[in-house]
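The values are calculated or read from the model by the stated rules, or taken from the named source; none is laboratory data. Everything numeric here is computed off the predicted structure, so don't read it as measured data. Note that each Cβ is placed from the backbone with ideal geometry, even for glycine, and that neighbours are counted across all protein chains shown. Each accessible area value is taken on the protein alone, full model and side chains, heavy atoms only, with ligands, DNA and RNA left out. Shrake-Rupley method; radii C 1.70, N 1.55, O 1.52, S 1.80 Å.
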Amino acid sequence: MCGIIGIASNKPVSINIINSLKKLEYRGYDSAGIATLANNLINEKKCSGRVKELEKILFKTPSDGIVGIGHVRWATHGIPNTINAHPHSSDDVSVVHNGIIENSDELKEQLESKGFRFKSETDTEVITLLVTEYLKQFEPLESVFKTLKKLKGSFALGIIFKNYSDIIIGARRGSPLAVGYSNQENYLGSDSYALKSMTNKISYLDDGELCILSKNNVDFFDLNLKKINKKIHTVSDEENTSNKGDYKNFMYKEIFEQSSTAKKCINEYIDSLKKDINIYNFPFDPNKINKIILIGCGTAFHSCLVAKYWFEELTSIDVEIDIASEFRYRTLKFNSKNLYIFVSQSGETADTAAALEICRENKMKTCSVVNVVESTIARNSDWVLPIHAGPEIGVASTKAFLGQLLVLYILCLKLSSIRKDILKKDYDKNIETLKKLPEAIKKTLKSESDIQLMAQEFLKARGSMFLGRGISFPIALEGALKLKELSYLHAEGYPAGEMKHGPLALIEEGLPVIVIAPKDKYFEKTLSNTQEVIARGGKIFFITDIKKRLMSTNIRFRLRVPFLDNLLSPILFTIPLQLLAYHVALLKNCDIDKPRNLAKSVTVE
Ligand code: F6R
């Protein structure tokens, strides 16, 4: 989390730093700051809250300078206030940092014993003071290099120096960092997205690397401070997503984009002429895979959970799923016949990236399903399957979840066909059904007005439950996650069959319970579980794809989604749950694109 920008130019940089910080706010938005070099001084301005507050400060007292750094924060060490906001500056050095310095307490003690005084509660300030101390004897690059040797933990850094007013030094260990190039101007950024309005020529630092940039030049160094060359990538021109158009916010726009997201993804992967899935470039023999392990965090983990049901249903491959933050610390048995699939919208999630690294160290086959193809996870995996969802700005993942599901489903179908686990006629039929999905999504989105009515009923609720069985269980988890993160209402997702083993005790008169009930092999069982909840006073919101009216009159609300196919029901049933979370949050006046305490790209563990 946290966003970093640095610009070395031949013209004033503060306006472009602010504009880039606005783009980086999805990485953190509890405080913001900027430091520029002007009149032989470090000119630091910062505030708690959003970049627009910082912009107001700069409007009143502009910051000059043709070299500068900026930061948006997601607090780790120290509460989100102005003092703890980055940059952290001494008289000689100013630092922006993304990551966590794990030995900061120890370093702080050492520095205090030498007479240094700390202003903030952050771990970052130790970096500022260490570099300041080394600068008494060494040049900037060596001072930073010596400082890095003392740090434990993860970081991406941008550093400027009062007495070297034309340079910025960047360094990376664990947290992503990119360099952008332009005419008479070079940039440092947490990701290419922040730099896209200024350049599409990007290099990415790898772990342990440093760079030193000025307006006309960029040099890179490896972890032994040996000069190295880096590849320059031309990043794709995505659609202009910084524009919400007529939509109230990005999340709403992204929910409604899902029909075209699906269409785009299907067009990318389905060859309509050959009526086949055009995934050919397997870097391994699909017939020799014994086990697939799907790994992700949060919503991405939920897509792994749905995919497990698909792989079990359609292939002869054994499947496991894991939450990346758990996987990375487990004692694992690696096997060369395993395929590890990492699912991540951003491709920068620290836990997922670390889990991938462990698999690479153990020489495992790795594949990533990502939205950002220039990301760390994509670059570090053997094989990348992009979801083609376009940039997702709303912190709560919606269209990327749909894209992840689609790509995993398509991969599953393709593997089952290569391995002859599926009959040709079923394979063809599944592809034909898939092509109908964008239209079915469009229809599902039309239920918005009903969902607005449902949302009213959540306003006075003290909590809520989401129930599903089989492939609908992960969708219950996803519905609950969306509601809690957007509206701050407690929501629990549960397999409906588990209710009587404990959670039924939570049911009280009027508690909203959302039941996800496609007409599949679980339907009757789900109905029985629903009756058990009704008998205890739960207020039922029943989402189904059957046409027939249900006998029970005690269902408060019934919503019907179109029926396509049981395998694709998770995709269609997710949409009303996204809209429900959205409308409850809207009624509660919550910040929809930037829910409290969260960030879009979780680059700390
Ligand atoms: C929830 C949400 C998060 C992310 C999770 C992983 O709406 O967006 O749970 O899914 O932080 O992020 P990525 O997919 O970028 O690895």
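Those helices (runs of 4 or more DSSP H) of region 226-337 in which at least 3 residues are among the aliphatic types (A, V, I, L, M) and either out of contact with any helix residue (DSSP H, G or I) (no Cβ under 6 Å at 6 or more places or on another chain) or outside the structural domain of Glu25 (by TED's automatic domain parsing) (or both), considering only elements entirely within it, cover 298-314. Under the condition of being hydrophobic (A, V, I, L, M, F, W, C), open to solvent by 20 Å² or more (accessible area, probe 1.4 Å) and either under 17 Å from Glu254 (Cβ atoms) or within 12 Å of the ligand (Cβ to nearest atom) (or both), the residues counted in region 362-407 number 2.
Out of Lys264, Lys215, Lys230, report the one residue that is among the basic types (Lys, Arg) and out of contact with any strand residue (DSSP E or B) (no Cβ under 7 Å at 6 or more places or on another chain).
On the way: Lys215 fails: out of contact with any strand residue (DSSP E or B) (no Cβ under 7 Å at 6 or more places or on another chain); Lys230 fails: out of contact with any strand residue (DSSP E or B) (no Cβ under 7 Å at 6 or more places or on another chain).
After applying the criteria, what remains is Lys264.
Select from region 112-163 the residues that are surrounded by fewer than 15 Cβ atoms within 10 Å (Cβ to Cβ) and closer than 14 Å to Ser94 by Cβ and write down the one among them that is farthest from the chain's Cα centre (by Cα). For region 112-163, the residue satisfying everything is Asn163.
Touching a Pro at 6+ places or on another chain (Cβ under 7 Å), modelled with pLDDT of 95 or more, surrounded by 23 or more Cβ atoms within 10 Å (Cβ to Cβ) and aliphatic (A, V, I, L, M), is that true of Ala85? Working first, answer last.
Values: touching a Pro at 6+ places or on another chain (Cβ under 7 Å): no; modelled with pLDDT of 95 or more: yes; surrounded by 23 or more Cβ atoms within 10 Å (Cβ to Cβ): yes; aliphatic (A, V, I, L, M): yes.
Against the criterion (touching a Pro at 6+ places or on another chain (Cβ under 7 Å), modelled with pLDDT of 95 or more, surrounded by 23 or more Cβ atoms within 10 Å (Cβ to Cβ) and aliphatic (A, V, I, L, M)), Ala85 does not qualify.
Any residue in region 340-358 that is open to solvent by 30 Å² or more (accessible area, probe 1.4 Å), part of a strand (DSSP E or B) and at pLDDT 95 or above?
If we filter region 340-358 for residues that are open to solvent by 30 Å² or more (accessible area, probe 1.4 Å), which is where we start, we get 357-358.
Now narrow it down to the ones that are part of a strand (DSSP E or B): none.
No, that holds for no residue.
Evaluating Ile279 against the criteria (1) open to solvent by 30 Å² or more (accessible area, probe 1.4 Å); (2) in contact (Cβ under 8 Å) with a residue 60 or more places away in the chain; (3) away from the ligand (no atom under 16 Å from the Cβ); (4) under 28 Å from the mean Cα position of the chain (by Cα) leaves one unmet condition, (1).
Quick check on my filter: what residues within region 65-81 are modelled with pLDDT under 95 and part of a loop (DSSP other than H, G, I, E, B)?
Passing the criteria: Trp74, Ala75, Thr76, His77, Gly78, Ile79, Pro80, Asn81.
Collect the residues in region 328-361 that are small (Gly, Ala, Ser) and within 16 Å of the ligand (Cβ to nearest atom), keeping them in residue-number order. Walk me through it before giving the result.
First pass over region 328-361, keeping only residues small (Gly, Ala, Ser): 336, 344, 346-347, 350, 353-355.
Correct list: Ser344, Ser346, Gly347, Ala350, Ala353, Ala354, Ala355.
Considering (1) without any contact (Cβ under 8 Å) to a residue 40 or more places away in the chain; (2) surrounded by fewer than 23 Cβ atoms within 10 Å (Cβ to Cβ), the lone condition that Asp166 does not fulfil carries the number (1).
Matching residues to (1) assigned to a helix (DSSP H, G or I); (2) within 16 Å of the ligand (Cβ to nearest atom):
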residue: Asp426; (1), (2): yes, no
residue: Lys429; (1), (2): yes, no
residue: Ile451; (1), (2): yes, no
residue: Ile471; (1), (2): yes, no
residue: Leu483; (1), (2): yes, yes
residue: Lys500; (1), (2): yes, no
residue: Val513; (1), (2): no, no
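Could you run through region 431-449 and say how many residues are of a type in the set (Ser, Thr, Tyr) and not in a helix (DSSP H, G or I)? Talk me through it step by step, then tell me what you get.
Step one: list which residues in region 431-449 are of a type in the set (Ser, Thr, Tyr), which gives 433, 444, 447, 449.
This time we only want the ones that are not in a helix (DSSP H, G or I), so: 447.
So the answer is 1.
Determine whether Ile289 is over 30 Å from Gly479 (Cα atoms), at pLDDT 95 or above and aliphatic (A, V, I, L, M). The answer is yes for Ile289. Restricting attention to region 448-494 and to residues that are in contact with a helix residue (DSSP H, G or I) (Cβ under 6 Å, 6 or more places away or on another chain) and hydroxyl-bearing (Ser, Thr, Tyr), the residue that is least open to solvent (accessible area, probe 1.4 Å) turns out to be Ser487. The residues listed here are Ile83, Ile69; of these, the one that is touching a residue at least 12 places away in the same chain (Cβ under 8 Å) and either outside the structural domain of Val131 (by TED's automatic domain parsing) or touching a strand residue (DSSP E or B) at 6+ places or on another chain (Cβ under 6 Å) (or both) is Ile69. Contact map, region 576-604: residues that are assigned to a helix (DSSP H, G or I) paired with residues that are polar (S, T, N, Q) and within 12 Å of the ligand (Cβ to nearest atom), Cβ distance under 7 Å, separation 6+ or inter-chain. Pairs shown: Gln578/Thr398.
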